[in-house]
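Notes follow the structure.
The values are calculated or read from the model by the stated rules, or taken from the named source; none is laboratory data. Since we're looking at a predicted model, the values are computed, not measured. Using ideal geometry, Cβ is built from the backbone for each residue, glycine included, and neighbour counts are taken over all protein chains shown.
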Amino acid sequence: MRDFGYMEKGQSSSLYDFKLWVRILRISSGFKVPIGIAVALSLGATFAALSVPYLMKTGIDSYITVTTIPVDQRYGGLGKIGLIIGVLISIGFALTFIQAVLLEWVGQSVMHRIRQRLFNHILNLDLSFLTNQPAGRLVTRLTNDVQNMYEMFTSVLVTMFNDILRLIGILVVLYLLNVQLALVMTIFVPLALIMTLVFSGLAREKFRAIRSQLSRINSFVQESVSGISIVQLFGQQRQWYEKFDSLSGEYLSRTLKQIRLFAAFMPLTEFMSWTAVGLILLYGGNLVIDRSLSIGELIAFIAYMRLFFQPLRELAQKYSIVQSALA
């Protein structure tokens, strides 16, 4: 029988599996235009988001802290900058909204195509294969696994590119603002990347453990319902309930482990983010006192630092979604 890439339990694909990515891209090949539009919208939203802290810096340094120009000009300048910031925020909101709707449509369309192909594939499988496979596992492949693929299309492929672009853009802007402060901030980049990679690896293990246990539960429920008359005939209700309770308890345990992992990662990221802000405030404050840095630049630096750690958190989660979808 032809190999369609079916993954037995215990096996997993890799993020670096080139053949699998080719298959995924082939399935979505009919949606190149909407995906390209989504990427363009993502670029526009990123530009709008990164422009706001710089405009804040301009407003502070050019109008708030400057006393050599008339007060009415200062008010007028601040009003113009406030208006520009409002327009950029509105544009960013609109672009993000359109992108989300577009990606939802693409994701649902691609998943519809995958479901149709999977079901048709199952209908044409060898009888020997179907006999050896629990029906619950096949149901999981058609439902839960397809849902994971849907999440990858809608919340990962384009937005992961957006997050990487935002990180690069923030680093470039920080070095343009002040090299000394940017070097201080760069210390946290490898630490954040290491923490993100460690979390992603652990999260992938937890996701796979949860999915394999869910497959066992689905298989057990399907077999129980189809053979319920035999179970009742031999009075095995109690034994079957205890077995289901054991399977369900193991699923709960694995899910709680995943929750604890996420609960630990998010505060760690926040701690690192605020530690970076504290160091920037300490070192940058000294530069402001020495008149080597303006107050606006310091505030913009802190704002960019807060923006920098947000995509790192999102990248870790999306990396896990990709691994779960490719598994």
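Here are the numbers for the structure shown:
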{"item": "Of residues in region 223-275 being among the hydroxyl-bearing types (Ser, Thr, Tyr) and in contact with a Lys or Arg (Cβ under 7 Å, 6 or more places away or on another chain), the one farthest from Val198 (Cα to Cα)", "result": "Ser273"}
{"item": "Which listed residue, of Lys9, Lys57, is crowded, with 17+ Cβ neighbours inside 10 Å and either out of contact with any His (no Cβ under 7 Å at 6 or more places or on another chain) or modelled with pLDDT of 90 or more (or both)", "result": "Lys57"}
{"item": "Single unsatisfied condition, Val33 versus (1) of a type in the set (Val, Ile, Thr); (2) modelled with pLDDT of 85 or more; (3) buried (at least 16 other Cβ atoms within 10 Å of the Cβ)", "result": "(3)"}
{"item": "Selected residue (only one of Leu281, Leu307, Leu293 is outside any helix (DSSP H, G or I), within 22 Å of Leu50 (Cα to Cα) and at pLDDT 85 or above)", "result": "Leu293"}
{"item": "Considering residues of region 41-83 that are in a helix (DSSP H, G or I) and hydroxyl-bearing (Ser, Thr, Tyr) only, the residue farthest from the chain's Cα centre (by Cα)", "result": "Tyr75"}
{"item": "Selected residue (criterion: nearest to Arg204 (Cα to Cα)) from residues of region 224-267 that are of a type outside the set (A, V, I, L, M, F, W, C) and not in a helix (DSSP H, G or I)", "result": "Gly227"}
{"item": "Filter result (without any contact (Cβ under 8 Å) to a residue 40 or more places away in the chain, acidic (Asp, Glu) and surrounded by 14 or more Cβ atoms within 10 Å (Cβ to Cβ)) within region 216-251", "result": "Glu250"}
{"item": "Residue count for region 115-145, restricted to those that are of a type in the set (S, T, N, Q) and at pLDDT 80 or above", "result": "3"}
{"item": "Residue among Tyr75, Tyr63 that alone is buried (at least 18 other Cβ atoms within 10 Å of the Cβ) and either touching a strand residue (DSSP E or B) at 6+ places or on another chain (Cβ under 7 Å) or without any contact (Cβ under 8 Å) to a residue 40 or more places away in the chain (or both)", "result": "Tyr63"}
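One line per residue, one yes/no per condition, for (1) among the hydroxyl-bearing types (Ser, Thr, Tyr); (2) more than 22 Å from Val52 (Cα to Cα):
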| position | (1), (2) |
| --- | --- |
| Arg166 | no, no |
| Gly169 | no, no |
| Val172 | no, no |
| Tyr175 | yes, no |
| Met185 | no, no |
| Ala192 | no, yes |
| Leu197 | no, yes |
| Gly201 | no, yes |
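Yes/no per residue for (1) at pLDDT 80 or above; (2) part of a helix (DSSP H, G or I); (3) more than 18 Å from Ala276 (Cα to Cα):
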| residue | (1), (2), (3) |
| --- | --- |
| Glu151 | no, yes, yes |
| Tyr175 | yes, yes, no |
| Gln180 | yes, yes, no |
| Ile194 | yes, yes, no |
| Gly201 | no, yes, yes |
| Lys206 | yes, yes, yes |
